[in-house]
Amino acid sequence: MSQERHPTEDLPAYALGALDDDERKAIAAHVETCASCTGDLAQLEDALYEAAAVGAVEIEPPRDLRTRIVLRHRDAPVPSQRSWGDRVAELLRRPVPAFVPLVLGVLLVVAFAVVGASRQQSDEYGRALAGVVDGRVVALAPSGANPDARGSVVIPTRGSPYLIVRLPAPPAGKAWEAWVLRPAGSGLTAVPAGTTERGDVFVMSLTAPLGAGEGVAITLEPATGSAQPTTQPVLAAEKT
Amino acid sequence: MPDKADDVKLVERIAAGDAEALGELYDRYGRVAFGVLYRMLPGPEAAEEVAQDAFHSVWRQARSYRQERGSVRTWLLAICRNAAIDWRRTRGKRLEREVTIDAAAELLSDAKVDERVVDSLRAEHVRAVVGQLPREQREVLALAFWGGYSQSEIAARTDTPLGTVKSRVRLAMNKLRESLKDER
């Protein structure tokens, strides 16, 4: 903890961004080294921005804003705080145990194989989404059990909605089944919207109409399909 | 209401270069971020431009996010607010557009709340807490937060002694902190 006096009086104004530059810099330097003030600042800012979230204007962002943000970064370099020069210099400063080069060599070969396959799928999914030139794209959220699954509902200006999905091939005797989620009372009802036994990156048409604001989900079902979902969704959006 | 631990995992994925995670963060908070920007800027075009810049900053700064410094939502909205203030200081001035005292005078608008970001019961609680602040305290919070004014600027613009403005900021912020402390 810093030995300086804690800026208790000015910390609220600092959190609010209402200090002049000199005061702000002095407190920023203190907070960097003081765990106690860091904790106080976090509480002040969390409270302030929660109030701001309630006070924000309720307005629909442009429909394609999400797509533009994601596309801008899809092939961007991995964000980094340090330059490659810094990293190399740091590595050179550290002593290296004798077994490390061997282990690194093995890991490198495995990593190339794994990353290569995963990257290829990721790129293919990205290219499929990037190919959408018309309409709205709504991402489906993967479940915790399938964090690598990716899916989006594409709602074209003209024509029927469809899904772009990245999922592994279903096990033998099983299929991925799509559902349209419709509000029913206080919950949702699932309407069957087609099955497929495909895997990797694929496009799936919705065989049930998708109304405004209705949701979409995908579950793993018997290959013949189910009348109601029998497993938890691997991908879902409660509203589109 | 998004789970905070999941938010942190999203930021870790963004730091690892996962653009889809950036999209998922947008799904969680893009709407409220856009709402904040829309309130601070002169129109939807500016809000759209600054939103893209702000999410690019999220991409670049994801590695520096520290959980102990506050929630991901706070971090993201702070990035958005700073980007909006920067925009106003550069392009906003050229366009001679500035948030007026009146326009920024209330911390909360009457707009309904996006329940994906703040659940409705919690939002009622937030409104009640802010509503209980004296009008003068709400005004300095709003001018500083939405208007981007410093305490000394607020003192000059409202013809109030600087010490009084500081005192109002301190009392209001500490009240918010005490009443909205994370109890969930």
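The values are calculated or read from the model by the stated rules, or taken from the named source; none is laboratory data. Note that the structure is a prediction, hence the values are computed from the model and not measured. FYI the Cβ positions are ideal-geometry reconstructions off the backbone, even for glycines, and counts take in every protein chain you see. All accessible areas refer to the heavy atoms of the entire protein, side chains included, with ligands and DNA or RNA removed. Shrake-Rupley method; radii C 1.70, N 1.55, O 1.52, S 1.80 Å.
The figures follow:
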read-out: Meets criteria (surrounded by 14 or more Cβ atoms within 10 Å (Cβ to Cβ) and within 7 Å of chain B (Cβ to nearest Cβ)) for A:LEU44; value: yes
read-out: Residue ID - nearest to the other protein chains (Cβ to nearest Cβ), chosen from residues in segment B:8-18 that are surrounded by fewer than 23 Cβ atoms within 10 Å (Cβ to Cβ) and under 20 Å from A:ALA130 (Cα atoms); value: B:GLY17
read-out: Answer from A:VAL70, A:VAL78 - the residue that is facing another protein chain (nearest Cβ under 8 Å) and modelled with pLDDT of 75 or more; value: A:VAL70
read-out: Helices (runs of 4 or more DSSP H) enclosed by segment B:1-99 - at least 3 residues per element that are among the polar types (S, T, N, Q); value: B:44-61
read-out: Of all residues making up segment A:7-37, the number that are open to solvent by 40 Å² or more (accessible area, probe 1.4 Å), part of a helix (DSSP H, G or I) and at the interface with chain B (Cβ under 8 Å from one of its Cβ atoms); value: 1
read-out: Residues within segment B:134-146 that are open to solvent by less than 40 Å² (accessible area, probe 1.4 Å) and more than 10 Å from chain A (Cβ to nearest Cβ), tallied; value: 1
read-out: Count - residues of segment A:203-223 that are within 16 Å of A:PRO142 (Cα to Cα), open to solvent by less than 40 Å² (accessible area, probe 1.4 Å) and of a type outside the set (S, T, N, Q); value: 4
read-out: Residue within segment B:161-184 that is open to solvent by less than 60 Å² (accessible area, probe 1.4 Å), small (Gly, Ala, Ser) and within 7 Å of another protein chain (Cβ to nearest Cβ) present; value: no
read-out: Criterion violated by A:ALA53 - all others in (1) open to solvent by 10 Å² or more (accessible area, probe 1.4 Å); (2) at the interface with chain B (Cβ under 7 Å from one of its Cβ atoms); (3) within 15 Å of B:TYR26 (Cα to Cα); (4) assigned to a helix (DSSP H, G or I) satisfied; value: (1)
read-out: Test set (1) under 29 Å from A:ILE164 (Cα atoms); (2) modelled with pLDDT under 95; (3) open to solvent by less than 10 Å² (accessible area, probe 1.4 Å) - B:ALA84 fails condition number; value: (1)
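Okay, residues lined up against (1) open to solvent by 60 Å² or more (accessible area, probe 1.4 Å); (2) among the charged types (D, E, K, R); (3) more than 9 Å from chain A (Cβ to nearest Cβ):
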| residue | (1), (2), (3) |
| --- | --- |
| B:GLU20 | no, yes, no |
| B:GLU24 | no, yes, no |
| B:GLY30 | no, no, no |
| B:GLY35 | no, no, no |
| B:GLY43 | no, no, yes |
| B:ALA46 | no, no, yes |
| B:GLN52 | no, no, no |
| B:SER64 | no, no, no |
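Yes or no, residue by residue, for (1) among the hydroxyl-bearing types (Ser, Thr, Tyr); (2) in contact with a strand residue (DSSP E or B) (Cβ under 9 Å, 6 or more places away or on another chain); (3) in contact (Cβ under 8 Å) with a residue 40 or more places away in the chain:
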| position | (1), (2), (3) |
| --- | --- |
| B:ASP6 | no, no, no |
| B:ALA16 | no, no, no |
| B:TYR26 | yes, yes, no |
| B:TYR38 | yes, no, no |
| B:GLU45 | no, no, no |
| B:ALA51 | no, no, no |
| B:HIS56 | no, no, no |
| B:VAL72 | no, no, yes |
| B:LEU77 | no, no, yes |
